[in-house]
Amino acid sequence: MNISITKTTNPIEKPTKDLGFGKYFTDHMFIMDYVAGEGWKDARIVPFAPISLHPAATVFHYGAEVFEGLKAYRRADGEIQFFRPIENARRINNSAERIRLPQIPEEDFMQALTELVKLDADWVPSGNGESLYLRPFLFGTDDALGLHSIKKARFMIICSPSGSYYKEGINPVKIMIEDEDVRAVRGGTGYAKCGGNYAASNRAGEKAAEKGFTQVLWLDGVDRKYIEEVGAMNVMFKIGGEIVTPSLEGSILPGITRKSCIELLRAKGFSVTERKISIDELCAAMENGTLEEAWGCGTAAVVSPIGQLYYDGKTYTINNNEIGAVTQLLYDNLTGIQWGRLEDTFGWTVRL
Ligand SMILES: *Cc1c(COP(=O)(O)O)cnc(C)c1O
């Protein structure tokens with residue numbers, strides 16, 4: 001793929017503190033356009049700026065959008081690396097397939113990511129826990145309201161320097177188990193990383209925030225009985241010595257952090273079971289003290305210990321509201337590999 005590069009003549013001033021998440025953007029962005037019958041064309045890196053789209057574009061009316069999230073990490077030796085980026089390239093295509101957006105060749109995805117981060121390399125921060133968050137996204141741009149298959153699309157990547165998720169140390173979060181709204185159902189778009197799933201989550205998220213909870217833990221959409229995931233993270237539990245996580249059956253997002261946690265734990269000799277976990281089993285384990293640890297896992301936080309769970313009028317405290325040993329082990333090992341402090345024996349990292 002040939003990528004044309006237009007460098008900015010007006011560089012943006014880099015923020016020096018309180019990076020937060022997704023607030024600042026780098027000098028450049030990647031764009032390419034798709035037309036059915038012609039394929040992808042016009043791959044370009046241009047100065048970061050608003051874009052202009054036809055008001056009838058499919059993305060605005062019928063929610064044709066999928067996205068990814070990954071990070072570029074600054075190693076102590078100054079070099080920059082990605083963590084399992086090929087998994088993101090594969091997943092965006094799996095997501096796109098579900099809502100009939102065009103496929104992006106994996107090598108083009110990787111090339112776009114690499115050239116963009118090379119150009120904006122000075123934006124990869126080096127502070128503790130900081131990274132450059134990368135947001136690839138793909139959406140329909142057909143300029144007509146008639147419902148038909150998507151013939152035009154756009155793929156973009158924007159980059160945002162982000163601060164440490166844990167500025168004040170790893171504090172366990174308070175989670176509310178949602179028993180009214182559901183996020184996704186089997187056969188729907190739950191396994192696709194698409195904007196529509198987030199739209200469906202907004203109401204429960206707001207309700208949880210009003211009540212002082214950080215996020216929602218979703219139950220399955222059919223029986224409201226089985227645990228699915230937490231907000232934008234997958235979820236894992238240690239119950240009576242067994243590490244368990246809900247199996248992927250179509251309604252749960254297949255997280256790369258989830259997969260990495262499972263592979264890492266197995267490599268360290270732990271057994272991990274992917275299976276259905278009912279809310280009744282979880283409540284029983286909280287009542288009888290066998291729920292030893294609970295944590296969410298996703299790119300943004302890596303792992304996030306769950307200190308309190310609220311369900312059906314009751315608040316349960318897990319592991320004295322402290323981070324557990326397995327959660328800590330995952331955090332230390334994954335962040336160690338991501339920032340290059342630990343040797344990557346899995347071959348997960350890709351140097352820029
Ligand atoms: C992105 C995402 C995750 C986590 O996936 P990672 O690849 O680990 O970042 C989990 N659940 C949802 C709904 C997501 O969108």
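What the chain shows is 45 Å² of accessible area per residue, with the surface traced by a 1.4 Å probe over protein heavy atoms. Net charge in the neighbourhood of Lys207 (other residues with Cβ under 9 Å of its Cβ; Lys, Arg +1, Asp, Glu -1) is -3. Computed over the chain with a Gaussian network model linking Cα atoms closer than 10 Å, the most mobile of Ala325, Ala43, Ala72 is Ala325. Relative contact order, percent, of region 173-338 when contacts are C-alpha pairs under 8 Å separated by at least 6 residues? Once divided by the residue count of region 173-338, the mean separation gives 23 percent. Taking amide H atoms as placed 1.01 Å from N in the peptide plane, the amide H of Val173 lies under 5 Å from those of Ile306, Gly307, Gln308, each 5 or more residues away in sequence or on another chain.
Near Thr245: Cβ cut-off under 15 Å, other residues only, Lys/Arg at +1 and Asp/Glu at -1. The net charge is -4. When only Cα pairs below 8 angstrom with a gap of at least 6 residues are kept, the chain shows a relative contact order of 18 percent. Counting Lys and Arg as +1 and Asp and Glu as -1 over every other residue whose Cβ lies under 12 Å from the Cβ of Tyr310, the net charge comes to +1. With just the Cα atoms defining each centre, how far is region 22-49 from region 266-310? Give it in Å. About 39 Å separates the Cα centre of region 22-49 from the one of region 266-310. When the chain is treated as a GNM with alpha-carbon contacts under 10 Å, the residue of Gly39, Gly78, Gly205 showing the greatest mean-square fluctuation is Gly78. Using the alpha-carbon atoms, what tilt in degrees (0 to 90, nearest 10) does helix 256-267 show relative to the longest principal axis of the chain? Rounded to the nearest ten degrees, it is 50. Once you order the gyration tensor axes a ≥ b ≥ c over the Cα atoms, which shape class does region 4-162 get: rounded for a/c under 1.5, otherwise prolate or oblate by comparing a/b with b/c? It comes out prolate by the Cα gyration axes.
Note on the chain: with neighbouring protein chains present and a 1.4 Å probe, carbon and sulfur make up 48 percent of its accessible heavy-atom surface.
Each 5 Å bin, from zero up to the one with the longest distance, holds this percent of the alpha carbon pairs of region 173-338: 2, 9, 19, 23, 22, 15, 8, 2, 0.
Each Cα pair under 8 Å and six or more residues apart adds its separation to the average, and for region 4-162 the resulting relative contact order is 34 percent. In region 173-338, taking the dipole from charged Cβ atoms about the Cα centre, the farthest positive-side position among Ile337, Gly205, Leu248 is held by Ile337.
As I understand it, the value is the acute angle between the Cα axis of helix 106-119 and the longest principal axis of the Cα atoms of the chain; what does it come to in degrees, rounded to 10? Roughly 80 degrees between the two axes.
The values are calculated or read from the model by the stated rules, or taken from the named source; none is laboratory data. Computed from a predicted model, the values in this text were never measured in an experiment. Here the Cβ is made from the backbone with ideal geometry for all residues, glycine too, and neighbour counts use every protein chain on show. SASA here: full protein model, heavy atoms, side chains in, ligands and nucleic acids out. Shrake-Rupley method; radii C 1.70, N 1.55, O 1.52, S 1.80 Å.
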